[in-house]
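Step one of this worksheet: look at the structure below.
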Amino acid sequence: RAGTDRLPAHRRVLDVHEDRADAVGGAADPTCFTVGTVSLSATKSVTGSFQPGGAITYTIVITNSGNVASPDNAGNEFTDTLPAVGTVGTPSATARTASRPALHPVAWGGSVPASGSVTITIPATINPGTAGQTVSNQGTVTYDADQNGTNETTVQTDDPNDPAPGDS
């Protein structure tokens, strides 16, 4: 090319490669990369004695299928307002701390590791006088999918035993 001699050496090399039909490109290009992602999903199940006075335990598993840890931004990454038929015990989590006993909604804030998960356990007791009532609820996970410092993406917990997405 005319005039390339006046360019710095690294620019001349790039110009030569741009003109080559066999130049490396796309995913095979050693300068090509994909920015890491965060992708959270959550399941929720309940076990226990489903009668007035019975002890039940909700188990929520938040999973990050991304290759970057989800950031712990301001606010909660998980909230769950349990139905009035139960009294919340002391929630726990495998990372950081869940909210205090009997607090509604139950909340958790923290980071979920890349390709990892966090489990939140919420014990509760079914209140007297609730026989025959149907109980159904979901928790909400809010996270920073675009990693800009703000939790903008929301997903609902899903029953792992039901193939339908977004079920309670």
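The values are calculated or read from the model by the stated rules, or taken from the named source; none is laboratory data. Owing to the predicted nature of the structure, the values given are computational and were not obtained by experimental measurement. Every residue, glycine among them, receives a Cβ derived from its backbone with ideal geometry; neighbour counts consider all protein chains shown. Accessible surface is based on the protein model in full, side chains and every heavy atom, while ligands, DNA and RNA are left aside. Shrake-Rupley method; radii C 1.70, N 1.55, O 1.52, S 1.80 Å.
A few points about this structure:
- Residue-count net charge about V68 - beta-carbon cut-off 12 Å; Lys, Arg +1, Asp, Glu -1: -2
- Coil-residue chymotrypsin sites (Phe, Trp or Tyr not before Pro) of region 41-143, DSSP, other Cβ within 10 Å capped at 15: F50
- Exposure rank, largest accessible area first [S41, S70; 1.4 Å]: S41, S70
- With both residues required to sit in region 75-168, DSSP beta bridges show an antiparallel share near 100%.
- Summing +1 for each Lys or Arg and -1 for each Asp or Glu among the other residues whose beta-carbon sits under 15 angstrom from that of G109 gives -2.
- T142 contributes an accessible area of around 40 Å² to the protein surface, as traced by a 1.4 Å probe with all chains present.
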